[in-house]
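Heads up: the structure comes next, in structure tokens.
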Amino acid sequence: MKTEKYYVNSNGRRIKLLVLRPTKHARASDMTAGVFWIHGGGFATGMAEMVYITRARALVEKFGVTVCAPAYTLSWQAPYPAAVEDCYAALLWFKANAWMLGYDPERIIVGGESAGGGLCAALCMLARDRGEVDIKYQFPLYPMLDDRDTPSSRNNHAHVWNTRRNHAAWKLYLREKYGTDSVPPYAAPARQDNYVNLPPCYTFVGDIEPFYCETLNYVNQLKAAGVHAECDVYPGCWHAFDMLAPWKRVSREAAARFEQKFAEALEKCAKGG
């Protein structure tokens, strides 16, 4: 596997992109998918280099895909819509340079963890509505989707992420929009009222973490709109358990299940599904 660094302009900002791909360049007949993977960190922290500890790195090694990880603008630097617009600009670049990067531009998959999962969902909505990129599949893992309290995000004191941190993160990301009814779905995808024609989805989540309810709600909304969507729930697991405790049996199980679902998505992409 090799890593390359590129830059793209987004509304006057210079955004770094890390591209991970197999060392051996694929022949045109062997082109596989391109995976656009967005890091987490509550919109306020994190970096593109986190791709090395995410589910995405193994996809390059095991499936030969090309992965692009954008260093989007963090919320302490600029609020919404900076992050999602940066991701969209990077996604357009990723599609435009597909052949150079060694993947088929008709097989674009988007994913991410936590806030990156929320940006993944928002990006799928933005891409559908702007009509410039056809995203074939989405993997928003334990995504940060709802700026409002849910039964699981209210009074939550679990490890890693909790109610206090969640409120602080949304306030910084939304600024004056926080706590109002004017929050658009590209900022908080749980605000979406039209889930038709979004990409098929797979995700997983722990049942004691804040994002448990909003993750299940997102999957149920997709299903109600006729979109294929699945979610695995891991009892007793806290936020980002698979990344932060990869040695645990449940983390290994979640990783294996994710890769199984990714393989299924690749097969569907290859068949044009």
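The values are calculated or read from the model by the stated rules, or taken from the named source; none is laboratory data. Treat the numbers as computed from the prediction; the structure is a model and nothing was measured. Heads up, the Cβs are rebuilt from the backbone with ideal geometry, glycines too, and the neighbour counts pull from every protein chain shown. Calculation scope for accessible area: heavy atoms of the full protein, side chains included, ligands and nucleic acids excluded. Shrake-Rupley method; radii C 1.70, N 1.55, O 1.52, S 1.80 Å.
Tabulated results
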item: Which of I15, I53 is most accessible, then next, and so on - probe 1.4 Å; result: I53, I15
item: Spatial extent of the chain: Rg and Dmax, with the Cα atoms as the point set, Å; result: 17.2, 53
item: Segment 156-241, relative contact order [Cα under 8 Å, separation at least 6], %; result: 35
item: Debye log10 I(q)/I(0) for segment 183-262, one point scatterer per Cα, at q = 0.20, 0.23 Å⁻¹; result: -0.93, -1.09
item: Accessible surface, 1.4 Å probe, highest first, among residues K5, K95; result: K5, K95
item: For segment 161-220 versus segment 103-145, the gap between their alpha-carbon centres in whole angstrom; result: 14
item: Selection from G102, G116, S152, by position along the positive dipole direction of the chain (Cβ); result: G102
item: Gyration tensor verdict on segment 1-94 (Cα atoms; rounded if a/c is under 1.5, prolate if a/b is larger than b/c, oblate otherwise); result: prolate
item: Heavy-atom accessible area per residue - segment 169-217, 1.4 Å, Å²; result: 39
item: Global geometry of segment 138-273, whether rounded, prolate or oblate, following the gyration tensor of its Cα atoms and the 1.5 cut on a/c; result: oblate
item: Charged-residue dipole, Cβ positions (Lys, Arg, Asp, Glu), the chain about Cα centre, Debye nearest 20; result: 600
item: Carbon/sulfur fraction of accessible area - segment 159-273, other protein chains in place, 1.4 Å, %; result: 52
item: Debye, to nearest 20: dipole size of segment 122-273, +1 on Lys, Arg Cβ, -1 on Asp, Glu Cβ; result: 240
item: Global form of segment 54-112, assessed from the alpha-carbon gyration tensor, a/c cut-off 1.5; result: oblate
item: Cross-link table K24/K223; K24/K261; K62/K171; K62/K248, entries beyond 32 Å C-alpha to C-alpha; result: K24/K223; K62/K171
item: Relative contact order, percent, segment 119-273 [alpha-carbon distance under 8 Å, six or more residues apart]; result: 26
item: Nearest-20 debye value, segment 20-159 charge dipole, Cβ charges on Lys, Arg, Asp, Glu; result: 400
item: In Å², nearest 10: area of D147 left accessible to a 1.4 Å probe; result: 10
item: Surface accessible to a 1.4 Å probe, per residue, for the residues of segment 26-124, Å²; result: 29
item: Radius 11 Å from Cβ of T23, net charge of other residues (Lys, Arg +1; Asp, Glu -1); result: +2
item: Relative contact order of the chain, pairs being alpha-carbon contacts under 8 Å that are 6 or more residues apart, as %; result: 17
